[in-house]
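To keep things clear, I will list the structure first and then write my remarks on it.
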Amino acid sequence: MSTGDVEVDVCVVGLGPTGRGLAARCLARGLSVAAVDPHPDRPWVPTYSCWVDELPDWLPPSVIASRVAAPTVWTTIEHRIERPYAVMSKTELWKALPTAGARVVAQKAAQVGAHRVEVADGTAITAAVVFDCRGLPPVGTRPAASAHGIFIAAERVADYVAPDEALLLDWRNENDAAPDAPPSFLYSVPIGDGTVIFEETTLGIPGGLTQRELRRRLIARLRTHGIELDGSEHSESCHYPLDQPPPRRHGHKREPIPFGSRGGMMHPCTGYSVADSLALADTAVEAIVAGEDAVKQLWTPSARAVYWMRMRGLTGMGRLTTEQTVAMFDSFFTASPRGQRALLSAHDDAVALGAVLFNTVAHTWPFRWRFDLVGWTNRKRWAV
């Protein structure tokens, strides 16, 4: 090995919230850690949200920037979800995931293997376990999450989204979308800094929608509620695939272990990944400490069944019209709290997820729309 080479217990490639969290938990258990990221101190850009009960107990309350006790869903009627929802503070989350004590290499990984990582300057890091936390590959024509968000001062929009309220899914026909166009909904929550994000979003559409079209729909929706932009607002966008699979059962013996959104922890039906990844970090760490197979511990048969069923839900959702999607969500939000959690967040509750998916299809009306939902008709409706 050259002078700059490193030997550690764990090497984490990528220091987004998932990678930083995994590195922090490894350090907390006394493991030696190297972390590779070309910009390890770059502030995180996206807005991270979650159900409060998803967050692991080891995170301090300060990571919650904004909390809504019961967010709203609009289909043909209003649904109140009696489950606290939160937007995370990126600054406080960063502080809660310390990497002091790790060997941080501020370079791009050139080659990433199961036990060896080479960086751009030729330095090699040898580790008992390598986790690849670098995020997601390009979308292409894969089923995607696409969103365009605009941040507006809370006092300007109080009549639309009141203080301490949130619109988790708003399917009301207010976005000027053509009837024969792929569906999109509004997501709107207070950020905790005096602004509210309004985000026009689509899930599951192959290739997603363009930022231009999403912004056009969002502006039309805001105008419906008497809100005009004045140019002071800033925006954010996202566009990523939803079908990233879990690691193969034995592939990590020859390859690094993908973790976080890169490793199947991106929820196929919602696009969320950060809270679930942080909650699973200790499972991975304890497996390493015990000398066990981390992939086997993270991806039990039940967890793999949950992923498979969610993928069936993603492909079904990604071929529906707006009317069909609204009917499907009308059915879903009559489910029990456990059933809703099984789809929205639970990592391995396969029994409840199977039941809620069956019941959602069985209670979607008109009856003929169920054929689209299960893929017997219109399988490639929005294919690009």
* Determine whether Arg254 is at pLDDT below 95, surrounded by fewer than 16 Cβ atoms within 10 Å (Cβ to Cβ) and more than 24 Å from the chain's Cα centre (by Cα). => yes
* To do: Only residues that are assigned to a loop (DSSP other than H, G, I, E, B), in contact (Cβ under 8 Å) with a residue 60 or more places away in the chain and farther than 24 Å from Asn378 by Cα: list them for segment 197-231, please.
  => His225, Gly226, Ile227, Leu229
* **Matching residues in segment 1-53 - criterion: being in contact (Cβ under 8 Å) with a residue 24 or more places away in the chain, in a loop (DSSP other than H, G, I, E, B) and among the hydroxyl-bearing types (Ser, Thr, Tyr)** => Ser2, Ser32, Thr47, Tyr48
* Counting just the residues of segment 114-136 that are touching a strand residue (DSSP E or B) at 6+ places or on another chain (Cβ under 7 Å) and in a loop (DSSP other than H, G, I, E, B), which one comes out surrounded by the fewest Cβ atoms within 10 Å (Cβ to Cβ)? -> Ala120
* Asked: Could you give every pair whose Cβ atoms fall below 8 Å, whose first residue belongs to segment 80-96 and is touching a residue at least 40 places away in the same chain (Cβ under 8 Å), and whose second residue is acidic (Asp, Glu) and surrounded by fewer than 18 Cβ atoms within 10 Å (Cβ to Cβ), counting only separations of at least 6 or pairs across chains?
  -> Arg83/Asp53
* **segment 1-60, residues that are more than 21 Å from the chain's Cα centre (by Cα) and β-branched (Val, Ile, Thr)** => Thr3, Val6, Val8, Val10, Val33, Val36
* To do: Go through segment 29-53 and count every residue that is over 30 Å from Val68 (Cα atoms), among the aliphatic types (A, V, I, L, M) and out of contact with any helix residue (DSSP H, G or I) (no Cβ under 8 Å at 6 or more places or on another chain).
  => 2
* Please state which of the following conditions Arg83 fails to meet, knowing it meets all the rest: (1) surrounded by fewer than 20 Cβ atoms within 10 Å (Cβ to Cβ); (2) modelled with pLDDT of 95 or more; (3) of a type outside the set (A, V, I, L, M, F, W, C); (4) under 27 Å from Glu118 (Cβ atoms). => (4)
* Asked: Can you name the number of the only condition in (1) in contact with a helix residue (DSSP H, G or I) (Cβ under 7 Å, 6 or more places away or on another chain); (2) surrounded by fewer than 21 Cβ atoms within 10 Å (Cβ to Cβ); (3) on the phi > 0 side of the Ramachandran plot that Gly260 fails?
  -> (2)
* Do any residues in segment 156-180 that are of a type outside the set (A, V, I, L, M, F, W, C) have Cβ atoms under 6 Å from those of residues that are part of a loop (DSSP other than H, G, I, E, B), where the two are at least six apart or on different chains, and which pairs are they? -> Tyr160/His225
* Residues within segment 342-384 that are buried (at least 16 other Cβ atoms within 10 Å of the Cβ), closer than 28 Å to Leu280 by Cβ and in contact (Cβ under 8 Å) with a residue 40 or more places away in the chain, tallied -> 10
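Yes/no matrix, rows are residues, columns are (1) buried (at least 16 other Cβ atoms within 10 Å of the Cβ); (2) in contact (Cβ under 8 Å) with a residue 60 or more places away in the chain; (3) in a helix (DSSP H, G or I); (4) not hydrophobic (A, V, I, L, M, F, W, C):
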{"position": "His267", "(1), (2), (3), (4)": "yes, yes, no, yes"}
{"position": "Gly271", "(1), (2), (3), (4)": "yes, yes, no, yes"}
{"position": "Ala275", "(1), (2), (3), (4)": "yes, yes, yes, no"}
{"position": "Leu278", "(1), (2), (3), (4)": "yes, yes, yes, no"}
{"position": "Glu286", "(1), (2), (3), (4)": "no, yes, yes, yes"}
{"position": "Glu292", "(1), (2), (3), (4)": "no, no, no, yes"}
{"position": "Lys296", "(1), (2), (3), (4)": "no, no, yes, yes"}
{"position": "Ala303", "(1), (2), (3), (4)": "yes, no, yes, no"}
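The values are calculated or read from the model by the stated rules, or taken from the named source; none is laboratory data. The structure displayed is predicted, hence computed values, not measured ones. Counting neighbours? That spans all protein chains shown, and the Cβs are built from the backbone with ideal geometry, glycine included.
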